[in-house]
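Some notes on the structure that comes next.
Each reported figure results from applying straightforward, stated rules to the coordinates on display, with no laboratory input. What you see is a predicted model, and the numbers here were worked out from it, not measured in a lab. A quick note on method: Cβ atoms are made from the backbone with ideal geometry, for glycine too, and the neighbour counts reach across all protein chains shown.
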Amino acid sequence: MNYNFALVPLVPLPLVFVLAGVALVLTIIALAARRRGALLRALAMALLLASLLNPQFLREQRERVPGVVALVIDETASQSIGNRRAETEEARKHIEAQLKQLPDIDVRTIRVGDTVNDETDGTELFRGLAEGLGDVPPEQVAGAIFITDGQVHDIPADLAGLGLRAPLHALVTGRNNEIDRRIALLTAPRFGLVGHRQTFTFRIDDLGVPSGARVNVRVKVDGELVNRLSVRAGDVAQAEIEIVHAGDHIVEIEVDPLQGEVTSANNQVAVTVKGIRENLRVLLVSGEPHAGERTWRNLLKADAAVDLIHFTILRPPDKAIDATPFRELSLIAFPVRELFQEKINDFDLIIFDRYERRGILPLIYFENIARYVRNGGALLIASGPEDAGFDSLYQTPLAPILPAEPAGSLLERPFRATVSDDGKRHPVTRGLAGSASDPPKWSRWFRMLEAEKRSGRSLLQGPEKRPLLILDRPEEGRVALFLSDQVWLWARGYEGGGPHVDLLRRLAHWLMKEPDLEEEALRAVRTGRDLVVTRQTLAETTPPANITSPTGNRTTLDLKNEQPGLYRGRSSVSEPGIYRIEQGDKTVLAHVGPLNPREFADGRSSTEPLAAIAEASGGSVRRFANASGFDLPRVVAQRSGANYSGPGWIAIKASEASILKGIDAIALFNGLAGLGLLIGALGFAWYREGR
């Protein structure tokens, strides 16, 4: 019990002060006049004022509360190195058993795992300690015990920042004299122009051994080896890659492991570099003026990412009506040699719109176009009635790369284009507005070229499932064959029109290798704490994906069909670093967390990071695992002191915290005793004055 004294005034305290002042003045006057009984009067007034102050004697009833010990378990990725997990579990069992034998002690086990966002990085045990003890008064905390590899990244600068009035102890897993090799990425670009090279700066650190050894370095882009280097450990080095396409490039830089190192998880780094095209260069050649010519022109001109060169043949040489020389027929000279020989590889896409052989392009230039496509270029042919005759482009060296052979006839009757089964799964035609209904909610067309498909996939169909839009991949290039010239009816709004903008823009960008329009692709991105894996495929089913974590753990993820040809799955991630996702012949990498995660900045266990803060609190840092087993300390309770550890033992602070259960208050001027005292004092003063 605790005892105390308190004043509980019966009247406002200022009034008591006024009365005290009046009593003091009267007492001074009486003493100055040497009045009999002046002192007794003063005593009586003092007792009256004391009764107004209502002094009370307090007796507190308190109950001791148990002290709280925080047992903080490091479960971050670096604890999976070697036998650290098993060592941690053994130490946890031992410490919990020791603490349970101590009276008035509550054990609060706090488990701290990895953070996988970009705002926090590394092992944050002190954050976990603060959150775990947030509801415990500081005087009730008896101590904190960490079981960790010692690589903690949120250590406060001093005890004031720690906010702990009890000892901090750390039991460190791992062994002395560990070695490790890591690669640190110093600079890395996030963007790069297609066709240009980007430079990465890195350094290889050999920790625990002398620097200077020659190390083999491999540079990969999207899983393919693009460069090999030999770098001296400790030196700053550079690696270059070429941005070869638009979209994401996953760049990996990895090194040979160091013999005997504790982990190889930090022997590689990965970064995503987004390829950006300066502008897509498109050559559009219209064989003659026609109603649909402006549809292609307007679409391509409206795209800010496209540089368009458009030539329309107004009067072909075979329709001469006078003796005007051939070179003077054009308002602007058609630079055939420059476009189709000297600068053909500068174009991302060549479009022939209702073009037929009329002697303008010699056959050698068609051979150049075919070679351009096989080497990675793109060709789109929008066919018209002229392709049903002998002047069709199929009668040129382009024939081997075209996916269909004209049948020599036109189908001329009203029909609605429909999306084929492949088209429903292909990104170019999937989800086109109006395609979900039967028949589709778009206008009719009235003419198409009949052709026999030889290769590729038909995405749009005409009557009796005749191929209408065929996409193919001859060698490294891409070809699209549109077997009708009447898409302009959609653009003009005939019978309500149709989704011509979406269709033609997707088609053009697929030809120019837009990554988001690839029909066979495996993608992975981090969303919050999940890794979202997306599989785009034309197949009707897809197998599960295999995910390998940065520390080598393998899991299987089932992908659910969300749309035709689109499968997606989510997997929670808890480790920062590089995840490898594999499915069949597709492999993709996903990087989670910061570029150089502090969790693996040094894979060695160490007692040094926590030593200063632990010693300042009166605690200690020690290893407990050795070649012969475990040397775990006893845990005892100790009153306040400067040192809470010794050989073979660690101590927690015995808690003196208590909670107030009740208060007994005894008023000194309460009841008959107080009244009698006042009456007696006044009576005695009156008696003295009467004599």
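Modelled label-to-label distance, Glu139 and Asn279, 7 Å Cα→beta-carbon offset: nm?
Distance between label points: 7.6 nm.
Within region 225-287, list the GluC sites (Glu not before Pro) lying in a DSSP loop whose Cβ has at most 15 other Cβ atoms in a 10 Å radius.
Sparse-neighbourhood loop GluC sites (Glu not before Pro): Glu278.
Give the residue from Val588, Ala265, Ser437 lying farthest towards the positive end of the charge dipole for the chain; charges sit on Cβ (+1 for Lys and Arg, -1 for Asp and Glu) and the dipole is referred to the Cα centre.
Projecting each Cα onto the dipole axis, the largest value belongs to Ala265.
Would you work out the charge dipole size for region 521-592 about its Cα centre, treating the Cβ of every Lys and Arg as +1 and the Cβ of every Asp and Glu as -1, and quote it to the nearest 20 debye?
It comes to approximately 160 debye.
Please sort by residue number the GluC sites (Glu not before Pro) in region 374-474 whose DSSP state is loop and whose Cβ has at most 14 other Cβ atoms within 10 Å. Don't jump to the answer; show the numbers that get you there.
Working: sites: Glu386, Glu412, Glu450, Glu452, Glu464; in loops: Glu412.
The qualifying sites are Glu412.
Given a Förster distance of 51 Å, report the FRET efficiency between Leu7 and Asn643 from their Cβ-Cβ distance, rounded to the nearest 0.05. Don't skip to the end; give the middle numbers.
On the way: r = 43 Å, r/R0 = 0.85.
Result of the calculation: an efficiency of 0.70.
Too long at a 21 Å Cα-Cα cut-off: which of Lys220/Lys343; Lys220/Lys586; Lys424/Lys465; Lys513/Lys560; Lys513/Lys586; Lys441/Lys560? It would help to have the intermediate numbers written out before the result.
Values: Lys220/Lys343 31 Å; Lys220/Lys586 16 Å; Lys424/Lys465 14 Å; Lys513/Lys560 26 Å; Lys513/Lys586 17 Å; Lys441/Lys560 29 Å.
The pairs that break the limit, which is 21 Å between Cα atoms, are Lys220/Lys343; Lys513/Lys560; Lys441/Lys560.
Give the Kirkwood hydrodynamic radius (Å, one decimal) of region 465-561, defined as one over the mean of 1/r across all pairs of different Cα atoms.
Numbers: mean 1/r = 0.0590 Å⁻¹.
Value: 16.9 Å, from the Cα pair sum.
In percent, how large is the relative contact order of the chain, given Cα pairs closer than 8 Å and 6 or more residues apart? Mind dumping the intermediate values first?
Details: 1499 pairs, mean separation 121.4, N = 691.
Value for the chain: 18 percent.
Fewest to most neighbouring Cβ within 10 Å: what's the order for Thr555, Thr542, Thr429, Thr534?
Working: Thr555 13, Thr542 20, Thr429 24, Thr534 17.
Lowest to highest Cβ neighbour count: Thr555, Thr534, Thr542, Thr429.
Taking R0 as 25 Å, what FRET efficiency do you get between Leu193 and Asp585 from their Cβ-Cβ distance, rounded to the nearest 0.05?
The calculated FRET efficiency here is 0.25.
Tell me the volume per residue, in Å³, of the convex hull enclosing the alpha carbons of region 163-262.
About 166 Å³ per residue, rounded to a whole number.
Just name one of Phe347, Pro362, Ile313: the one whose Cα is farthest towards the positive end of the charge dipole of region 280-516 (beta-carbon charges, Lys/Arg +1, Asp/Glu -1).
Of the candidates, Phe347 comes out farthest on the positive side.
Over 31 Å, how big is the tail of the calculated P(r) for the chain, in percent of all Cα pairs?
On the way: 167328 of 238395 pairs.
Summing the P(r) of the chain above 31 Å gives 70 percent of all pairs.
For the charge dipole of region 123-169, defined by +1 on Lys and Arg C-beta atoms and -1 on Asp and Glu C-beta atoms about the Cα centroid, which residue among Gly128, His153, Ala166 has the Cα displaced farthest towards the positive pole?
With unit charges placed on the Cβ atoms, the residue in question is Ala166.
For an R0 of 56 angstrom, estimate the FRET efficiency from the Cβ-Cβ distance between Ala157 and Ile309 and round to the nearest 0.05.
Working: r = 64 Å, r/R0 = 1.14.
Efficiency computed from Cβ-Cβ geometry: 0.30.
Might you report the magnitude of the Cβ-based charge dipole of region 180-277 about its Cα centre, with Lys and Arg at +1 and Asp and Glu at -1, to the nearest 20 debye?
Details: 12 positive and 13 negative charges, 55 e Å.
It comes to approximately 260 debye.
Note the full-extension length gain between Arg108 and Asp235 as 0.36 nm times their separation in residues minus their Cα-Cα distance, in nm to one decimal. Please report the intermediate quantities before stating the final value.
On the way: separation 127, 0.36 × 127 = 45.72 nm, distance 4.62 nm.
Residue separation times 0.36 nm, minus the Cα-Cα distance, leaves 41.1 nm.
How far apart, in nm, are two points set 7 Å out from the Cα along the Cα-to-Cβ line at Ala32 and at Ala436?
10.3
Taking the Cα centre of region 280-516 as origin, sum charge times position over the Cβ atoms of Lys and Arg (+1) and Asp and Glu (-1), and report the length of that vector in debye to the nearest 20. It would help to have the intermediate numbers written out before the result.
Values: 33 positive and 33 negative charges, 104 e Å.
It works out to roughly 500 debye.
What nm distance separates the two modelled labels at Gln341 and Ala399, each placed 7 Å from Cα along Cα→Cβ?
Placing both labels 7 Å along Cα→Cβ, they lie 2.4 nm apart.
Based only on other Cβ atoms within 10 Å, what is the fewest-to-most ordering of Val136, Val269? Before the final figure, lay out the partial values.
Details: Val136 17, Val269 24.
By the 10 Å Cβ count, ascending, the order reads Val136, Val269.
Can you give me the C-alpha center-to-center distance between region 387-411 and region 514-575, rounded to a whole angstrom?
41
Around Ser443, which amide H atoms from residues at least 5 apart in sequence, or from another chain, sit under 5 Å from its own amide H, with H modelled in the peptide plane?
Gly497, Gly498
Taking the beta-carbon count within 10 Å as an exposure proxy, list Arg34, Arg580 from fewest neighbours to most.
Numbers: Arg34 7, Arg580 19.
Ordered by Cβ neighbours within 10 Å, fewest first: Arg34, Arg580.
If you bin every alpha carbon distance in region 280-516 into 5 Å steps from zero, what whole percent lands in each bin?
Going from the shortest bin to the longest, the percentages are 1, 6, 14, 19, 21, 18, 11, 6, 3, 1, 0, 0.
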